[in-house]
Protein chains: 4
Amino acid sequence: MALLDETADGVYVIAVTPFTETGALDLDSTDRMVDFYLEKGATGLTVLGMMGEAPKLTAEESRIFVRRVLKRVDGRVPVVAGVSAAGFAAMAELSESVMGDGAAGVMVAPPSNLRTDDQIVSYYAMVAETLGTKTPFVLQDFPLVTQVQITSAVILKIVANHPTCVMLKHEDWPGLAKITALRAAPDARRISILAGNGGLFLPEELDRGADGAMTGFAYPEMMVDVCKAHAAGDRERARDIFDAYLPLARYEQQPGLGLAIRKHVLARRGAIASPALRQPSAKLSAADIADIETLIARQERRLGGLG
Amino acid sequence: MALLDETADGVYVIAVTPFTETGALDLDSTDRMVDFYLEKGATGLTVLGMMGEAPKLTAEESRIFVRRVLKRVDGRVPVVAGVSAAGFAAMAELSESVMGDGAAGVMVAPPSNLRTDDQIVSYYAMVAETLGTKTPFVLQDFPLVTQVQITSAVILKIVANHPTCVMLKHEDWPGLAKITALRAAPDARRISILAGNGGLFLPEELDRGADGAMTGFAYPEMMVDVCKAHAAGDRERARDIFDAYLPLARYEQQPGLGLAIRKHVLARRGAIASPALRQPSAKLSAADIADIETLIARQERRLGGLG
Amino acid sequence: MALLDETADGVYVIAVTPFTETGALDLDSTDRMVDFYLEKGATGLTVLGMMGEAPKLTAEESRIFVRRVLKRVDGRVPVVAGVSAAGFAAMAELSESVMGDGAAGVMVAPPSNLRTDDQIVSYYAMVAETLGTKTPFVLQDFPLVTQVQITSAVILKIVANHPTCVMLKHEDWPGLAKITALRAAPDARRISILAGNGGLFLPEELDRGADGAMTGFAYPEMMVDVCKAHAAGDRERARDIFDAYLPLARYEQQPGLGLAIRKHVLARRGAIASPALRQPSAKLSAADIADIETLIARQERRLGGLG
Amino acid sequence: MALLDETADGVYVIAVTPFTETGALDLDSTDRMVDFYLEKGATGLTVLGMMGEAPKLTAEESRIFVRRVLKRVDGRVPVVAGVSAAGFAAMAELSESVMGDGAAGVMVAPPSNLRTDDQIVSYYAMVAETLGTKTPFVLQDFPLVTQVQITSAVILKIVANHPTCVMLKHEDWPGLAKITALRAAPDARRISILAGNGGLFLPEELDRGADGAMTGFAYPEMMVDVCKAHAAGDRERARDIFDAYLPLARYEQQPGLGLAIRKHVLARRGAIASPALRQPSAKLSAADIADIETLIARQERRLGGLG
């Protein structure tokens, strides 16, 4: 399998981790989910991300799940695995496992105690050393959750220091100016930039120079179709599609409840058997589910109108 | 002027504080802004909120600004003033000033160091004592910014303890379940609940029992028209209107940049003379302004289609 | 091996995790360290605590290390293992492993995102369910690090809900009033309370009703001798001993540098072969080491004077 | 009155703000407190610091209090006033007032939302501009409370950019390496460095190059005598004095309770009439007061033994 590099573009769907109603890993649904994402146009998959309930898995479960995804994907698209961990020993162990099984690269978010520029640069130096020279990695920049603020200068320094840093998962909210700054930086090695944040700023991020999206909205075809229309130069159509999905995408971005909504919709669409999350997790109420139904009905009507 | 009470509904616009290009209070624009908000259908105004740059004013400037707003409003709608302060002496001083000048009530957000339920209940007991028995107050529940999480049980306890607590500014994001729980609580004194968060969840919040909105999106007519359609029982039309404004409302909700966008649009619409913010503040780039133009053009087209 | 219960007292030393200079687990030093702690009078050991670099170990390393400690201790004193984890699957896995190998109980600190009373009570309900009815657990209350504030009312609720909660590791800093409140609570099931915080408030904590200490200051004999003098009713002698060690104990409590100091002193005393920490970690400078030498020399002189 | 400059040394006592039992500013006690501090050997005073309950005063009270202190000091020692504020307008107003009244300089801590190096450097550029070229300022570096981490490189940049930055209040806990780095920096303009943190690391901080202390332990003579012995080259005596006070100094450093302890001791010593704090504040229990009595009795015995 080819390794991840700076040419990556399109939509890397952040995959959920399917569980059965009793909380066990659901490997059958894992296959089904892979098929679903690829049918919808994913150009890559990212597993064990924040919305993949990675910390709720044991080390062994993480390896088993990634292995299953890789087997089902079977080389059709690159697979990135989140390996963020509280310590480098666990990070090394998981990274070796997934790369050995055929992953294209790994993703690392900074631990929430990092503050100064130097601390961040040093942390990623330790990451790069831990992963080794043959494992490309994605820098996940998500201050709303990590509480770590990374300037574009710091990103550029990490990119300059470590050839294995090949991609930025951009979810500084929305941090449009950061994309502009990274793309304008003279003499900087180009990396791929994929937009996160549930796709809530995708049209603007593409305009600023993002190469696509890496996020997990339950309608991955939204990101796929927006990226395609944008690539074809039809920005108005890109926004028409985006706007049609926005009410639901917004609803899915609720802190605390978002993943339950996403899994509910994925189960409703047949992508996974059960919407179950592992504890601790929020539960949807009847009113939440009614909201979702309303939003989906309106979304379908609107998409119908687009032709 | 009548005091704020639990019957308050409609749209209390969170007013910006207009400055001149050199950073002085712009009192002429203050008048113009008041007129603008009332023309758009505001049923109340809230000044010195978080988006009112309150901490950037001196104590004296705060008093002058509120006085000017009150004079211009001249009793047409109730005016609420934010009096959150690091200490109770400053809170008492400002509260006495604005109530003496004719405000209908005040608003208090919790300081970010509160953690346990008891700490929050005790804090609002000190608030209620500081404000006195004649000053109605709004509890601002905005965990994304304050970092304080207030359960519905704690809100109900504050309401039970303090007759002067008459309104909740609801911006637990979106915390729809909280509105449901508050409305379903048996034996609880009714308070007004107005939705914040830039209006991003307004249709759902109204469905759950909110009485309206208290937020400052630069098109207050969005909140006004959504509330009207909802009150008239036409939920689909409420959502049609909402959806038309959502792309711009979402864009305005960018942390760090949001207020600059809001003031830019307000200045563009003639509501204030200058979009200037006091330091520290973010500045819009040419690309940001181009985004806004695109969004407004599409919004107008879409609204035109609604009839 | 007997299980941990509410009668636990004396000094449960928070053990470090010894590494070789190249960062591998040092199992020979693990034996040596166990002997050292027991010779100094430890009545229990706690492994994989915050100062045990637990997050820097892989799941497998954690199991191997605990197994080695248990083998060397060979039932002479109870051993508690920290099993705090980002998810319950990993917590269950580690807990089953260590209890199966003969640990007396486990310890769980709350994750830093808990805020409201209900969230904390619910979290420990999930903990108790995860651990099962046969595994006694220690509630670690350390707000300075976890950022979670737990009132005495919440602790009492957890104790009432879960018979397996048998001990509080008290390091609310110093939260002396909390010990008083817990000991004064009517109708509350008694639990053991052991003091943390590097022992910096040990005399006062014992006065308020703590049963001993659970902390890892590099001179465990300080805690042992203070507890003995206190138990013998000689509070002045308890304080004389405490004061003699206080300058170094204070120096060891430096955030960021503390564990490096502790391991340096333990290596200097022959308890472990190398002071090495795993990355990321702070390094002592020559000036730091000179400080430590000065403090130890003065400490020895002072202890000599005590007789 | 001479302005603060980089030659400042000795002990700048962080003054409390005395209140009457009913919470009014106690201006008589203000005089008494000034006299007390100067009798104990203070070489400067710092008012409206974090332990001065500054945020609990109105803007007008702050001005009155500082004016009273300045009048009583009457030029005998330099007075520094804390002017940290949520906005620059309030900072400018207070700074102009106190400098006009004869303060020697002002002190500014960073707001807790600053994260990146650039944000900190920019913030202090706005501070320096706000204060003007004639007002020397102290950079307060207290990450435990502000949550802002400032590297020595950032401090050096601020010093290089702004000639009016003349002093560092050092309370990175203890951040001894930071003092070493600042003193070793080639080509850096010298600034005064005074140690904070209740003096808990004073001997080591003086060894690393601090010029004295700026902190408010209720026995200022501790800091004064330690600094004198250190200046006289007698480091062992400096530590003997320090160790004698350490048990109480440690007790005073309890988060949440510290200021109540400090004011209790100051009232007990006759420096102020009442130990009252403004709300919100912690209250000492009988057990707390008994602890303090024990500690003071032992401290006096120990000091007696020193000769």
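The values are calculated or read from the model by the stated rules, or taken from the named source; none is laboratory data. From a predicted model like this one, the values you see are computed outputs, not experimental measurements. Cβ sites come from the backbone with ideal geometry, for glycine too, and all protein chains shown count toward neighbours. Just so you know, the surface numbers come from the protein's heavy atoms only, side chains and all, with ligands and any DNA or RNA stripped out. Shrake-Rupley method; radii C 1.70, N 1.55, O 1.52, S 1.80 Å.
Structure data summary
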item: Residues with amide H under 5 Å from that of A:V11, placed H, sequence gap 5 or more; result: A:T43, A:G44, A:A213
item: For the protein assembly as shown, share of DSSP beta bridges that run antiparallel, in % to the nearest 5; result: 5 percent
item: Tensor-based shape of the protein assembly as shown (alpha-carbon gyration tensor, a/c under 1.5 rounded, otherwise prolate or oblate); result: oblate
item: Label 7 Å beyond Cα on the Cβ vector: D:E39 copy-to-copy distances, nm; result: 5.4, 6.9, 8.7
item: With all protein chains modelled, accessible area of D:E21 [1.4 Å, Å²]; result: 140 Å²
item: Assigned charges on the beta-carbon of Lys, Arg, Asp, Glu; segment B:1-159 dipole about Cα centre (debye); result: 40 debye
item: Cα gyration tensor shape for segment A:119-213, rounded if a/c is under 1.5, else prolate or oblate; result: prolate
item: Mean Cβ neighbour count within 10 Å, used as a protection proxy, ranking B:37-49, D:258-270 highest first; result: B:37-49, D:258-270
item: Amide H contacts of D:L4 (H built 1.01 Å from N, under 5 Å, at least 5 apart or other chain); result: D:G105
item: Cα-centred dipole magnitude for chain A, charges only on beta-carbon of K, R (+1) and D, E (-1), debye, nearest 20; result: 180 debye
item: Beta bridges by DSSP in chain D, antiparallel share as percent, to the nearest 5; result: 5 percent
item: Listed residue (A:V73, A:A103, A:L114) projecting farthest to the positive dipole end of segment A:63-121, Cβ model; result: A:V73
item: Choice from C:T17, C:T151, C:T294 showing the highest fluctuation, given a GNM over chain C with Cα pairs closer than 10 Å; result: C:T294
item: Across the identical copies, how the D:A185 labels are spaced - nm, sorted shortest first, 7 Å along Cα→Cβ; result: 2.4, 5.0, 5.2
item: Greater than 25 Å apart at Cα, pairs in A:K134/A:K169; A:K40/A:K71; A:K283/C:K178; result: A:K283/C:K178
item: Label spacing, shortest first and in nm, from D:R235 to its equivalents in the remaining copies (7 angstrom along Cα→Cβ); result: 3.7, 6.6, 7.6
item: Net dipole in debye of segment A:147-222 [+1 Lys, Arg Cβ; -1 Asp, Glu Cβ; about Cα centre; nearest 20]; result: 340 debye
item: Accessible area expressed per residue, segment C:173-307, with surrounding protein chains retained (probe 1.4 Å, Å²); result: 34 Å²
item: Overall form of chain B per C-alpha gyration tensor (a/c, 1.5; a/b vs b/c); result: oblate
item: Of all chain A residues, the one whose C-beta is nearest the axis that brings A onto C, in angstrom; result: A:A59, 2
item: C:T133, C:T146, ranked by accessible area, largest first (probe 1.4 Å); result: C:T133, C:T146
item: Leading residue at positive end of dipole, chain D (Cβ point charges), from D:P136, D:F19, D:A195; result: D:F19
item: Amide H partners (placed H, <5 Å) of A:V138, local residues excluded; result: A:V106, A:M107, A:V108
item: In order through segment D:36-53: 3J(HN,Hα) via Karplus (6.51 cos²θ - 1.76 cosθ + 1.60), integer Hz, x for Gly, Pro; result: 4, 4, 5, 4, 7, x, 4, 9, x, 10, 10, 10, 6, x, 4, 8, x, 6
item: GNM result for chain B, Cα springs below 10 Å: residue of B:M107, B:M50, B:M33 fluctuating most strongly; result: B:M50
item: Cβ neighbours within 10 Å from other chains - mean over D:174-183; result: 3
item: For segment B:109-119, 3J(HN,Hα) per residue [Karplus equation, 6.51 cos²θ - 1.76 cosθ + 1.60, θ = phi - 60°, Hz, x = Gly/Pro]; result: 9, x, x, 6, 8, 6, 10, 7, 3, 4, 4
item: Solvent-accessible area, 1.4 Å probe, carbon plus sulfur percent, for chain B; result: 52 percent
item: In Hz, Karplus ³J(HN,Hα) per residue of segment B:255-269 (6.51, -1.76, 1.60; θ = phi - 60°; x = Gly, Pro); result: x, x, 10, x, 5, 5, 5, 4, 5, 4, 5, 4, 5, 4, 7
item: Accessible area of A:C227 in the full protein assembly, 1.4 Å probe (Å², nearest 10); result: 20 Å²
item: Average beta carbon contacts from partner chains per residue of B:84-94, 10 Å cutoff; result: 5
